[in-house]
Amino acid sequence: KMWHEEFSRIISYNVEQEVNKYLLKKVLDADSAFQSEIVPIPRFPRTQNEPTCINFMGRMVSMLIKITDTQYTTFSIEKSGWFMSDGTEVCGLKTVSLLRQAVGVYGLTGIDRLLCYRILHELHRFVKFFRTNVTKQGVLLEQLRDELYPEWKTPTKAVSIYASGSKKAEMLMLPMLTCFRRIGQAQLLRRMIRFELGRCSRIDAKTLLQSVSTLNASILSSENPFEESPPELKKFCDMSLAVGLGDPLQTVFMATDPLEGLPVLLLLCVIAYVPKLSYNAMFGSLSKNKSGYPIDGWPLIAGISTLLKQFHPSYSKSFLAYIGQFVRVSVAACFERKQVRKDVASQLTEDLRSMLVLVNQFCDISSIPKSALHEHIPQYLMEMCSDL
């Protein structure tokens with residue numbers, strides 16, 4: 001018991017100090033709840049290889065981010081790991097299992113917390129970027145929204161509308177891509193950590209897992225779920241994380257004011273980067289067409305899904321409606337051209353297939369029922385395009 005208490009204190013202290021780089025008000029040693037004058041936790045100098053990391057917890061997270069960089073790897077949700085283009089696994093469930101054996105459950109929960117702060121930092125940066133840069137394009141977004149309204153209808157000259165909007169918003173796309181892939185990468189790492197914690201709890205702590213699950217169900221079914229005191233709720237949340245309950249991709253990290261025109265901007269972002277992706281049957285996901293380009297299907301999708309989770313569900317519905325409208329316009333444009341070159345038709349078909357894969361995987365990872373997707377894209381149309 002003493003070993004676990006002290007080990008937990010050391011991990012919590014190092015996580016707390018590493019989190020300081022994301023906070024405006026730093027937590028000093030004198031204010032730390034985990035530092036002790038009787039048994040002090042030593043602080044070591046930073047290494048030359050990782051000067052931005054304060055301690056070993058930050059270095060572990062930094063190395064996980066480096067080896068799963070979207071510029072060199074492709075994530076496969078079916079295989080639960082990151083792979084090189086030749087199929088070599090770089091980081092998978094075995095890596096997370098080895099990490100658990102090295103730093104234990106406390107270490108994995110500490111890594112999860114650091115990834116949460118990284119995601120929150122990127123979300124705050126995106127909101128700031130939107131309000132300082134995207135707001136200047138408010139007239140453009142409002143004009144696009146009016147031209148595409150209503151979403152269930154195919155507007156006239158829709159192809160020129162998409163092309164004009166994408167060109168005018170081109171300068172905004174790269175910062176958005178960087179933000180989405182960082183958020184998505186961290187979320188997918190959290191997902192693997194949560195799976196490892198759940199797997200271990202089902203084997204080594206069945207009674208604790210069932211007790212926490214039952215308590216969770218009773219709290220959610222009560223009339224006032226937040227009647228418990230904050231310390232007790234925090235303790236329960238920490239215990240739920242330790243046994244691997246919950247879906248990291250459903251996490252709400254912050255509360256913010258609505259961002260007008262966000263679904264339209266996300267549509268332009270998807271239109272800009274879908275041609276750079278293609279379906280890879282070996283990984284069952286979208287992968288980059290050219291090696292070395294910093295984009296990957298699943299991190300991009302997970303990043304967009306996480307961002308939309310911070311807002312009202314109507315944002316996700318609007319995004320799906322715009323994607324469905326774009327798919328219908330693309331299909332109509334494909335069949336309206338009676339004399340079209342084969343290379344142009346094949347490229348259009350490939351982009352359309354990539355878009356359908358993206359919207360399908362978006363619904364899967366966001367826990368959106370397929371019936372909501374079929375309201376905007378008929379099921380027979382999706383099946384027809386998937387066979388092209």
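The values are calculated or read from the model by the stated rules, or taken from the named source; none is laboratory data. Fair warning: this is a prediction, and the values are worked out from it, not measured in the lab. Because the Cβ atoms are built from the backbone with ideal geometry, glycine has one as well, and the counts that use them run over all protein chains shown. Surface accessibility is based on the protein's heavy atoms, side chains included, excluding ligands, DNA and RNA. Shrake-Rupley method; radii C 1.70, N 1.55, O 1.52, S 1.80 Å.
Some observations on this one:
- Under 19 Å from the Cα of Lys94 - lysines, other chains or at least 8 residues apart: Lys66, Lys79
- Within the same chain, lysines fewer than 8 places from Lys234 are excluded, and of the rest, those with a Cα less than 24 Å from its Cα are Lys1, Lys21, Lys25, Lys26, Lys206, Lys309.
- For segment 188-266 and segment 105-151, distance of Cα centres in Å: 22
- At a probe radius of 1.4 angstrom, the accessible area of segment 1-158 per residue rounds to 60 square angstrom.
- Of the DSSP H helices in the chain, those with a Cα length along their own long axis of 30 Å or more and a mean Kyte-Doolittle hydropathy reaching 0.0 comprise 93-132, 170-204, 313-336, 342-365.
- Relative contact order of the chain, taken over Cα pairs closer than 8 Å and 6 or more residues apart, is 19 percent.
- Nitroxide proxy distance, nm - points 7 Å out along Cα→Cβ at Ser371 and Glu147: 3.6
- Ala281-Gln71 FRET efficiency (beta carbon distance; Förster radius 35 Å; 0.05 resolution): 0.95
- A simple spin-label model places the labels of Gln379 and Glu6 6.1 nm from each other, with each point 7 Å out along Cα-to-Cβ.
- Chymotrypsin sites (Phe, Trp or Tyr not before Pro) restricted to DSSP loop in segment 145-228 with at most 11 other C-beta within 10 Å: Trp152, Phe226
- Remark on Ser285: its backbone amide H falls under 5 Å from those of Asn280, a criterion applied only to residues 5 or more positions apart or on other chains, H modelled at 1.01 Å from N.
- Relative contact order, whole percent, for segment 1-108 stands at 19, derived from Cα pairs under 8 Å and 6 or more residues apart.
- Compared with the direct C-alpha span, the chain from Glu37 to Val252 gains 73.7 nm at full extension, assuming 0.36 nm per residue.
- The mean sequence separation of alpha-carbon pairs under 8 Å and at least six residues apart, normalised by the residue count of segment 1-54, gives a relative contact order of 32 percent.
- DSSP loop GluC sites (Glu not before Pro) with at most 10 other Cβ within 10 Å: longest gap in the chain: 228-388
- Cα gyration tensor category, rounded, prolate or oblate, for segment 230-317 with a/c compared to 1.5: oblate
- Carbon/sulfur fraction of accessible area - the chain, other protein chains in place, 1.4 Å, %: 58
- Karplus-based coupling profile of segment 36-50, in residue order and whole Hz: 9, 6, 6, 10, x, 8, x, 10, 9, x, 6, 7, 6, 6, 10, with θ = phi - 60° in 6.51 cos²θ - 1.76 cosθ + 1.60 and x standing for Gly or Pro.
- Amide H contacts of Gly81 (H built 1.01 Å from N, under 5 Å, at least 5 apart or other chain): Ser76
- Label-to-label distance, nm, for residues given as Ser229 and Asn133 (7 Å Cα→Cβ offset): 4.7
- Gyration tensor (alpha-carbon) shape descriptor, segment 226-270, a/c threshold 1.5: oblate
- Average accessible area per residue (Å²) across segment 167-278 - probe 1.4 Å, nucleic acids and ligands excluded: 51
- Annotation: the chain has a Kirkwood hydrodynamic radius of 23.0 angstrom, from the mean reciprocal C-alpha pair distance.
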